[in-house]
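The values are calculated or read from the model by the stated rules, or taken from the named source; none is laboratory data. Keep in mind it's a predicted model, so treat the numbers as computed, not measured. No Cβ is skipped: glycine too gets one built from the backbone with ideal geometry, and neighbour counts run over all protein chains shown.
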Amino acid sequence: MLTTLLLVTLLGFEVKAAITQPQPREWPCPVAADLDPCVCTTDADLNLYLDCSDITSTSQLQDVFTRTIFPFSDFMDLTINPAESHNEFTKILAGTFGLVTFQNILISNTLIDTIEEEALVYSHSTLGNLEVSNNNLQEFPFETLYLFEVLRELRMANNKLNSLPDIQSETLILLDLSGNLGLTLTPLTFGGATHIEEIWLREMGLTVDTGNAITDVPKDVFANNLYLSYLDLSGNEFSFTIIESFINPPTSTLDFVGLNGNDIVNVHPLSITGLNDVGARVQLRNNKVTELCEDDWSQLMEQLDTDNSLDLRDNPLRCGCDTQWLVQRVDVMKKINNQTACATGNLLHDLPADWFVSHCPDETCSINRKK
């Protein structure tokens, strides 16, 4: 009997101990059960990474950070990238992350429509990369970007942003707003991003002034961007002749200009300036360019210095007398992509120069050019 009582007592102690002892954790992460459904991992250098892709509601994300004790609050990454979105997870509220900081944040494939101003306040001194892409985002505190001391890349593609205040940041080098329809730019939109190098504005439904319509992109939008090297405006609704001072950074820094997939018919001689004099590329593929008149295109060509640096493929080029100056100047012709074809299918590079001499005593351009 004594032996039995002793055994029961010992077993009871073991059960109690199992219940009351702290849950194990993988140092330096928090207790896994507290974080659930978020998951903490580390790398070989014990940097901390947090994946909250299995969060299903706004309140659940708040609860995780409220109940969890974080032995260390400085995380490298926060990832929220679910396999499927959840109807109750629509906001990142102020104070959600408590004192926890991040260097990189990825939020994608959710129904989040709002990130409140104070949601990332404790990451002002740490956040270097923020990507909030492929969501329903309508409200984001752009006005506070200047408070982020080391933010270099901001990717906000494929959301539903309906307003864009002037960007103010001394650290930002990359901005991607592609796929946000309905935004209107002003001459000051990017002027306060003093060190911006890359701007992505693809497939935003943007239009450009043709003299008789409301425009989403006025003159001089990029006129204050001293370091701009990469600009992609492909897949918008630019039509007719793109205007003077459309792309005109103040220094020769542009390595790439993307204007593919618009409805551009022609360029003004000063539409695109500020190209780097070494290796710059301009893409105008899949537009509606019909003629390449010297008066319009020569200044753009003169800024280019490498073969195949101007892409005019998939345009309905007539290849008439407007091109005689090109076929007679091999040094200029070679700057055009060597697979560029006329509407008839003939390669532009293969047109016979002597034929133009006989049939085009003077360059003639029928296009109604807007200058």
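Here is a list: ASN315, ASN248, ASN266, ASN262. Which entry is of a type outside the set (Ser, Thr, Tyr), in the same structural domain as LYS334 (by TED's automatic domain parsing) and in contact (Cβ under 8 Å) with a residue 40 or more places away in the chain?
Numbers: ASN315 fails: in contact (Cβ under 8 Å) with a residue 40 or more places away in the chain; ASN248 fails: in contact (Cβ under 8 Å) with a residue 40 or more places away in the chain; ASN262 fails: in contact (Cβ under 8 Å) with a residue 40 or more places away in the chain.
The match here is ASN266.
Would you check which residues across the range 36-64 are within 18 Å of ASP74 (Cα to Cα), among the charged types (D, E, K, R) and touching an Asp or Glu at 6+ places or on another chain (Cβ under 9 Å) and list them?
Of everything in the range 36-64, just one residue is within 18 Å of ASP74 (Cα to Cα), among the charged types (D, E, K, R) and touching an Asp or Glu at 6+ places or on another chain (Cβ under 9 Å), namely ASP51.
Would you say LEU206 is in contact with a strand residue (DSSP E or B) (Cβ under 6 Å, 6 or more places away or on another chain), in the same structural domain as VAL265 (by TED's automatic domain parsing) and either in a loop (DSSP other than H, G, I, E, B) or touching a residue at least 60 places away in the same chain (Cβ under 8 Å) (or both)?
In short, yes.
Considering only residues that are touching a residue at least 40 places away in the same chain (Cβ under 8 Å) and over 17 Å from LEU228 (Cα atoms), which ones fall in the range 154-177?
Answer for the range 154-177, where residues must be touching a residue at least 40 places away in the same chain (Cβ under 8 Å) and over 17 Å from LEU228 (Cα atoms): ALA157, LYS160.
Could you tell me whether any residue of the range 326-342 is among the polar types (S, T, N, Q), surrounded by 13 or more Cβ atoms within 10 Å (Cβ to Cβ) and not in a loop (DSSP other than H, G, I, E, B)? Can you show your working first?
Residues of the range 326-342 that are among the polar types (S, T, N, Q), as a first pass: 328, 337-340.
If we keep only those that are surrounded by 13 or more Cβ atoms within 10 Å (Cβ to Cβ) as well, we get 328, 337-340.
The next check asks that each one be not in a loop (DSSP other than H, G, I, E, B); those that pass are none.
No: zero hits.
Can you pull out the residues in the range 343-364 that are part of a loop (DSSP other than H, G, I, E, B) and among the hydrophobic types (A, V, I, L, M, F, W, C)?
Of the residues in the range 343-364, the ones part of a loop (DSSP other than H, G, I, E, B) are 343-346, 351-352, 360-364.
Scanning the range 343-364 gives ALA343, LEU351, CYS360.
I'm told TYR227 meets every condition in (1) over 20 Å from LEU181 (Cα atoms); (2) in contact with a Ser or Thr (Cβ under 8 Å, 6 or more places away or on another chain); (3) modelled with pLDDT of 95 or more; (4) crowded, with 16+ Cβ neighbours inside 10 Å except one. Can you identify the failing condition by its number?
So the condition that TYR227 fails would be (4).
Condition test on LEU275, is it at pLDDT 95 or above, over 36 Å from the mean Cα position of the chain (by Cα) and either surrounded by fewer than 18 Cβ atoms within 10 Å (Cβ to Cβ) or closer than 27 Å to THR253 by Cβ (or both)?
Working: at pLDDT 95 or above: yes; over 36 Å from the mean Cα position of the chain (by Cα): no; either surrounded by fewer than 18 Cβ atoms within 10 Å (Cβ to Cβ) or closer than 27 Å to THR253 by Cβ (or both): yes.
No, not satisfied.
What's the number of the only condition in (1) part of a loop (DSSP other than H, G, I, E, B); (2) free of Cβ contacts under 8 Å to residues at least 12 places away in the same chain that ASP63 fails to meet?
(1)
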